[in-house]
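Student: For reference, the structure I am asking about is given below.
No lab work stands behind these numbers, since they all come straight from the coordinates. Note that the structure is predicted; figures quoted are calculated from it, not measured. Reconstructed Cβ throughout: ideal geometry from the backbone, glycine too, with neighbour counts over all protein chains shown.
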Amino acid sequence: MYKKFEELLINQQLSAYRVSKETGIPQSTLSEWKSGRSTPKTDKLKKLADYFGVSIEYFLDEDAS
């Protein structure tokens with residue numbers, strides 16, 4: 001999931017900090033996802049999907065790009 005998030009950051013020239021501030025998802029949560037210590041809950045995935053204009057499934061399907 002985090003790989004997809006990073007791709008969106010790069011493609012839209014955004015920082016994780018900015019996304020954190022604009023979505024209300026704490027940077028510590030994003031760091032936990034990146035390290036694999038936790039996985040996103042549905043409500044947070046929904047916020048990210050809405051923010052980037054993609055479906056929740058986009059983040060869940062590791063094969064699609």
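Student: With respect to residue 41, determine if the residue is out of contact with any Asp or Glu (no Cβ under 7 Å at 6 or more places or on another chain) and closer than 19 Å to residue 57 by Cβ.
Tutor: Yes: the conditions hold for residue 41.
Student: Which of the residues that make up the stretch 7-42 are surrounded by 12 or more Cβ atoms within 10 Å (Cβ to Cβ) and β-branched (Val, Ile, Thr)?
Tutor: Selection gives 19, 23, 25, 29.
Student: Same structure, new question: Going by the structure shown, is residue 47 surrounded by 13 or more Cβ atoms within 10 Å (Cβ to Cβ), of a type in the set (Lys, Arg) and free of Cβ contacts under 8 Å to residues at least 40 places away in the same chain?
Tutor: Answer is yes for this residue.
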